[in-house]
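To start, the structure itself, in structure tokens.
The values are calculated or read from the model by the stated rules, or taken from the named source; none is laboratory data. This structure is a prediction, so every number in the text was calculated from the model and none was measured. Quick reminder, even Gly has a Cβ in these numbers, built from the backbone with ideal geometry, and neighbours come from all protein chains shown. These accessible areas exclude ligands, DNA and RNA; they are computed on the full protein's heavy atoms, side chains included. Shrake-Rupley method; radii C 1.70, N 1.55, O 1.52, S 1.80 Å.
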Amino acid sequence: MPSGGRVRLMDAATIRKAVSRIAHEILEKNRSLKNLALVGIQTRGAPLARRIAERLGAMEGRVPPTGIVDINLYRDDLSRIGYHPVLRRTDIPFDLEGKCIVLVDDVLYTGRTVRAALAALVDLGRPERIQLAVLVDRGHRELPIRADFVGKNVPTAASDMVEVRLAETDGEDEVLLVAPPARRGTRPRGGSK
Amino acid sequence: MKLRSRHLLGIAALEPDEIFLILDTAEGFAEVSTREIKKVPTLRGKTVVNFFVEPSTRTRSSFELAEKRLSADSLNFSPGASSFVKGETLLDTARNLDAMAPDYIVLRHSEAGAPHFLARHCRSSIINAGDGSHEHPTQALLDAFTMRQRKGHLAGLRVAIVGDILHSRVARSNILLLNRVGARVTVCGPPTLLPIEVERMGCAVTHWIDEALQGADVVMMLRVQLERMQSGFFPTLREYARLYGLDARRLKLAAPDAIVMHPGPMNRGIEIMGDVADGGSSVILEQVTNGVAVRMAVLYLLAGGTEGEATA
């Protein structure tokens, strides 16, 4: 992709289909919603978790509980970064003990966010198992982590950025692949991964 | 964004956006203290020296708890147990501490400017936990956090600070902070206990508590230090209590939903009466709880190295 270019990978309709497919796959894999709960990773994992939960509710007549986890306290790069991400709320309004937790994030990239989220979750209780659902898997893993449910697999260059925009946080639904203008040492920051 | 300095020496050096960054970050940390396992690994491997040259129980325990909940290793260093009493200068002590390479030094000292001095000679991040009658920034931050939690905002709040303003680092840091975020401060105390030209700090001044309380959203009572009576700043405790003590009858002059604060430790029956201290308007214990969250936020925001970017 030319530098500075933007490509739309998903629009509102494809995001809706992906969420719906993930919900079906969760149900297929776990058979029942009993003991199932979803936990979204701040920021954009949270609305995605709620959307999947609502979809599951429409299919099964019962909306599974959802929570939010903030991973900033569990980062492995705190002393290396100058920029401190603002700490957001961790809010898990149910007992993790014995639950099957579906962890939800927007983009799976290096796997470090997921590692931090796993550490955060086990500090809060002992779930029976944890599964991972992501809207986009863009590759370039740095840790042995894989997703159980993937909305879309996207081959990317390490310098690309995948920007997920959701109605709840950004006003509209879309996923963009952004190739930054040629610049040295560019790594993604904040909401784009 | 991040804090511009790697030290927290006083409110005077903070911009409003930095104050709000600390308060917003503290919101996230308040949750950690409500968990069953009240510990996160954020500052694992970092060392904090709590260097308290002046006695303090509350502030030191609050910092210690904040450090422990963030998984930092802490070392307490107080004058009774140190070579400070053996005549070592502050600079030599500081250099010795620095040679042990802690990541933070939390300093409480009876001399104004001691943390600023340390900051010039140490590689660690210095956090001022109270220097003489100069500043006590984390106290002002936790007070602001508590006000915002109760009132929803800081701008436009009418805050009355009553008592020994002259010797109070809590008052000074609070005035500086509240002015920066657009609150309106009135200070009140006997003329002998108000600094000369205190109005130049940007606050209203009165010697009459009834006037200060009129319509106040927040009433902050300061501790009277009993040794001030011996040095002749006011004649008797009885007179002080009558003229400047807060009781339920006086509190009625404030706004109906006013909150009452005190940095502790309280002299019941002198600057604050039991009916107010234990009444529904008192947020004194919330201040203590919030202190831990605010100090966790400060330690978190001062962590971290060179300007770079976050990857996750």
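Check A:ARG50, A:ARG62, A:ARG115 and return the single one that is assigned to a helix (DSSP H, G or I), farther than 30 Å from B:ASP103 by Cβ, touching a helix residue (DSSP H, G or I) at 6+ places or on another chain (Cβ under 9 Å) and not hydroxyl-bearing (Ser, Thr, Tyr). So the residue among A:ARG50, A:ARG62, A:ARG115 that is assigned to a helix (DSSP H, G or I), farther than 30 Å from B:ASP103 by Cβ, touching a helix residue (DSSP H, G or I) at 6+ places or on another chain (Cβ under 9 Å) and not hydroxyl-bearing (Ser, Thr, Tyr) is A:ARG50.
Kindly indicate whether any position in the range A:78-87 is small (Gly, Ala, Ser), within 10 Å of chain B (Cβ to nearest Cβ) and either in a loop (DSSP other than H, G, I, E, B) or touching a residue at least 40 places away in the same chain (Cβ under 8 Å) (or both). Looking for residues that are small (Gly, Ala, Ser), within 10 Å of chain B (Cβ to nearest Cβ) and either in a loop (DSSP other than H, G, I, E, B) or touching a residue at least 40 places away in the same chain (Cβ under 8 Å) (or both), one finds at least one in the range A:78-87, hence yes.
Here B:ASN96 meets the list (1) in a helix (DSSP H, G or I); (2) more than 29 Å from B:MET266 (Cα to Cα); (3) touching a residue at least 40 places away in the same chain (Cβ under 8 Å) almost entirely, failing just condition (3). Tally the residues that are farther than 16 Å from B:GLY189 by Cα and in contact (Cβ under 8 Å) with a residue 60 or more places away in the chain, restricting the search to the range B:262-272. Here the count works out to 3.
Comparison of B:ILE175, B:ILE165 shows that the only residue that is within 18 Å of B:GLY10 (Cα to Cα) and either in contact with a Cys (Cβ under 6 Å, 6 or more places away or on another chain) or assigned to a strand (DSSP E or B) (or both) is B:ILE175.
All told, B:THR47 meets the bar of being open to solvent by 40 Å² or more (accessible area, probe 1.4 Å), hydroxyl-bearing (Ser, Thr, Tyr) and in contact with a strand residue (DSSP E or B) (Cβ under 9 Å, 6 or more places away or on another chain). Number of residues in the range B:21-33 that are open to solvent by 30 Å² or more (accessible area, probe 1.4 Å) and more than 10 Å from every other protein chain (Cβ to nearest Cβ): the value is 1. Taking the criterion of being of a type outside the set (S, T, N, Q) and modelled with pLDDT of 90 or more, the residues of the range B:25-37 that qualify are B:ALA26, B:GLU27, B:PHE29, B:ALA30. Quick one: in the range B:34-43, which of the residues that are within 7 Å of chain A (Cβ to nearest Cβ) and free of Cβ contacts under 8 Å to residues at least 12 places away in the same chain is surrounded by the fewest Cβ atoms within 10 Å (Cβ to Cβ)? Checked the range B:34-43; the qualifying residue surrounded by the fewest Cβ atoms within 10 Å (Cβ to Cβ) is B:ILE37. Every listed requirement among (1) under 15 Å from B:LEU141 (Cβ atoms); (2) in contact with a Lys or Arg (Cβ under 9 Å, 6 or more places away or on another chain); (3) within 13 Å of chain A (Cβ to nearest Cβ) is met by B:GLU15 save one, (3). Taking the criterion of being more than 27 Å from A:ARG89 (Cβ to Cβ) and open to solvent by less than 10 Å² (accessible area, probe 1.4 Å), the only residue of the range B:3-20 that qualifies is B:GLY10. On the stretch given as the range B:144-196, residues that are of a type in the set (S, T, N, Q) and touching a Ser or Thr at 6+ places or on another chain (Cβ under 8 Å) total 2.
Here the range A:128-141 is the region considered, the condition is being more than 15 Å from A:GLY40 (Cα to Cα) and either within 12 Å of chain B (Cβ to nearest Cβ) or free of Cβ contacts under 8 Å to residues at least 60 places away in the same chain (or both), and the residue that is least open to solvent (accessible area, probe 1.4 Å) is A:ARG138.
Of everything listed in (1) closer than 30 Å to B:THR42 by Cα; (2) modelled with pLDDT of 95 or more; (3) under 16 Å from the mean Cα position of the chain (by Cα); (4) open to solvent by less than 40 Å² (accessible area, probe 1.4 Å), the single unmet condition for A:ILE71 is (2).
Restricting attention to the range B:140-170, the residues that are over 17 Å from B:HIS207 (Cα atoms) and under 14 Å from the mean Cα position of the chain (by Cα) add up to 10.
The set of residues from the range B:3-45 being more than 19 Å from the chain's Cα centre (by Cα) and within 23 Å of B:HIS136 (Cβ to Cβ) comprises B:ARG4, B:SER33, B:LEU43.
Annotation: A:THR90 fulfils all but one of (1) open to solvent by 70 Å² or more (accessible area, probe 1.4 Å); (2) within 11 Å of chain B (Cβ to nearest Cβ); (3) in contact with a helix residue (DSSP H, G or I) (Cβ under 7 Å, 6 or more places away or on another chain); the unmet one is (1). Condition first: farther than 15 Å from B:ARG295 by Cβ and either part of a loop (DSSP other than H, G, I, E, B) or out of contact with any Pro (no Cβ under 8 Å at 6 or more places or on another chain) (or both). Now tell me which residues in the range B:58-75 satisfy that. Of everything in the range B:58-75, just one residue is farther than 15 Å from B:ARG295 by Cβ and either part of a loop (DSSP other than H, G, I, E, B) or out of contact with any Pro (no Cβ under 8 Å at 6 or more places or on another chain) (or both), namely B:ASP73.
Of the residues making up the range A:20-42, those that are surrounded by 19 or more Cβ atoms within 10 Å (Cβ to Cβ) and either assigned to a loop (DSSP other than H, G, I, E, B) or in contact (Cβ under 8 Å) with a residue 40 or more places away in the chain (or both) are A:ILE22, A:ILE26, A:LEU33, A:LEU36, A:ALA37, A:LEU38, A:VAL39, A:GLY40, A:ILE41, A:GLN42.
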